[in-house]
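Below is one structure; the comments refer to it alone.
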Amino acid sequence: MKEEQIKREYAAAKEQYAALGVDVDKAIEKLNNVSISIHCWQADDVSGFENPDGELSGGIQTTGNYPGKASTINELKKDIEKVVSLVPGNHRLSLHAIYGDFGGEFVDRDQIEPKHFHTWMDWAKEIGVKLDFNSTFFSHPKSGEYTLSSFDPEIRAFWKEHLRRCRSIAEEMGRRQGDACIHNIWVHDGEKDKTVSRIQHRQLLKESLDEVFEEKISTDYLKDCVECKLFGIGSESYVVGSHEFYMGYAVKNNMLLTLDAGHFHPTEGIADKISSMLLFVPEIALHVSRPERWDSDHVVILNDPLMELSQEIVRSGVMEKVHIGLDYFDASINRIGAYVVGIRSTQKALLQALLEPTEKLRELEKEDKRFQRMAYLEELKAMPWNAVYNYYCLQQNIPVGNDYVSEIETYETEITSKRK
Ligand code: RNT
Ligand code: ZN
């Protein structure tokens with residue numbers, strides 16, 4: 001797109017929004033302050049570097065075998081560098097524990113240390129990206145159906161040690177970057193069929209978590225959050241860490257709750273949970289994802305659930321309390337493209353929400369003018385928000401419109417297609 005055209009369309013949009021009392025530049029500024037936590041695992045189909053040829057377990061699945069996945073740390077770093085060059089703003093990278101720099105050695109989950117992540121921390125600092133972290137309970141011989149909630153005390157001990165170590169790795173990341181590392185805890189524990197000992201496993205999960213969290217670490221460095229789930233492949237009937245379990249746990253312990261868009265009943269969105277949960281937990285972490293009929297982890301696109309989520313965050317005035325992270329893994333398409341589409345769509349949804357004349361809508365609501373509210377909301381959908389996004393990209397020297405497509409094609413020709 002030509003610079004002149006982008007500017008012209010932006011100027012027209014600015015005028016149109018100003019007529020509604022909306023300041024487009026303020027909206028851009030607010031959007032620019034949102035750091036999206038980019039998940040490392042789209043680049044390599046959740047393989048990691050502990051045992052990259054091992055099988056993905058824990059009830060999650062990648063489908064597809066598009067060529068060019070990252071299979072070394074350097075390849076993954078290059079891919080992320082490419083991704084961040086194609087999206088405006090400053091973002092974060094969310095690493096899973098199996099992505100450590102183990103130097104060719106096998107380092108078991110109860111042995112990992114901050115030193116295995118030093119090269120990541122140095123690189124992140126160099127490129128100006130902050131890090132988040134995830135403990136990894138899945139894809140391991142000791143993680144069958146149950147880990148922290150296993151009846152076997154040795155299995156529980158192993159995973160408690162893993163969790164302790166993950167907390168200290170995340171703490172060091174937080175200290176070094178001068179900003180708390182968001183440490184997500186997702187425990188896949190559950191069973192395929194009608195489990196009888198539900199409360200027993202939940203009691204064990206609670207005890208395991210309590211024991212590990214006895215060690216207090218400043219939230220200046222580390223923010224632990226717990227992620228619930230309704231079901232997974234092979235845990236259709238019972239997941240120990242259900243919504244009620246972690247909602248209760250997070251509220252009781254005043255900690256962060258992670259809401260993954262795919263972890264609830266098929267027609268249940270996470271948007272409406274924000275304004276409830278934030279009255280009872282200090283902050284929320286999001287796994288922005290796209291369920292297609294189930295928790296399929298499709299690439300995020302600009303759809304109604306994403307719009308509703310963004311609107312809730314903006315309207316509730318809780319941008320600072322919601323940590324937006326991505327969680328999807330599509331192995332059937334160009335993986336860099338998957339990242340860039342997901343990030344840009346998330347930003348576009350947030351921008352649309354930021355461009356809403358919310359106060360005006362609230363007034364209509366107070367006056368009980370429900371038809372008028374509906375009419376405005378419908379008209380807003382067709383406002384020229386994309387011209388504002390294009391201008392934001394231009395300002396930041398980032399490809400505008402679909403210009404990033406050819407850049408990804410070039411990267412594919414020159415880099416990813418040459419990978420084994
Ligand atoms: C799985 C959870 C979890 C994982 C990542 C890889 O259903 O959503 O967050 O996707 O930890
Ligand atoms: Zn998730």
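Cα axis of helix 385-395 to longest principal axis of the chain: angle in degrees, 0 to 90, nearest 10? Around 80 degrees separate the two axes. Between helix 304-315 and the chain there is an angle of about 80 degrees, using the helix long axis and the longest principal axis of the Cα atoms. Estimated from the Cβ-Cβ distance and a Förster radius of 25 angstrom, the FRET efficiency linking L56 and K192 is about 0.90. Once the Cα atoms are used to define both axes, helix 403-414 deviates from the longest principal axis of the chain by about 40 degrees.
Quick one: with all protein chains in place, what share of the accessible area of segment 146-295 is carbon or sulfur, to the nearest percent (1.4 Å probe)? Numbers along the way, then the final one.
Values: 3290 of 6480 Å².
Of all accessible area on segment 146-295, carbon and sulfur atoms account for 51 percent.
Neighbours of N184, meaning other residues whose beta-carbon lies under 11 angstrom from its beta-carbon, give a summed charge of -4 when Lys and Arg score +1 and Asp and Glu score -1.
Using alpha-carbon pairs under 8 Å, 6+ residues apart, how would you state the relative contact order of segment 186-312 in percent? Let's see the in-between values first.
On the way: 182 pairs, mean separation 29.5, N = 127.
After rounding, I find 23 percent.
Taking the Cα centre of the chain as origin and assigning +1 to Lys and Arg Cβ atoms and -1 to Asp and Glu Cβ atoms, the resulting dipole is close to 520 debye. In sequence order, segment 259-266 has phi-based couplings of 10, 9, 4, x, 9, 10, 4, x Hz under the Karplus curve 6.51 cos²θ - 1.76 cosθ + 1.60, θ = phi - 60°, and Gly or Pro positions carry x. With each label modelled as a point 7 angstrom along the Cα→C-beta vector, the E379-K30 pair spans 2.0 nm.
Expected output is a single nm value to one decimal: the length gained when fully extending between S276 and E211, i.e. 0.36 nm times separation in residues minus the C-alpha distance. What is it? Each step should come with its number before you reach the end.
On the way: separation 65, 0.36 × 65 = 23.40 nm, distance 2.80 nm.
Value of the extension gain: 20.6 nm.
Cross-link pairs exceeding 31 Å in C-alpha to C-alpha distance, out of K115/K142; K194/K348; K160/K321; K160/K273; K78/K252, comprise K194/K348; K78/K252.
Counted by Cβ distance under 11 Å from R202, the other residues give a net charge of -1, where Lys and Arg count +1 and Asp and Glu count -1. Relative protection proxy for 367-376, 36-45, 73-82, 405-414, from highest mean packing down: 36-45, 73-82, 405-414, 367-376 (other beta-carbon atoms within 10 angstrom).
Structural descriptor for the chain: relative contact order 21 percent, calculated from alpha carbon pairs under 8 angstrom and at least 6 residues apart.
Close amide H partners of L259, meaning residues 5 or more places away or on another chain with modelled amide H under 5 Å apart, are A285, L286, H287.
The values are calculated or read from the model by the stated rules, or taken from the named source; none is laboratory data. This is a predicted model, so every value here is computed, not measured. Glycine gets a Cβ as well: all are built from the backbone with ideal geometry, and neighbour counts include every protein chain shown. Remember, those area values only see protein heavy atoms, side chains included, never the ligands or the DNA or RNA. Shrake-Rupley method; radii C 1.70, N 1.55, O 1.52, S 1.80 Å.
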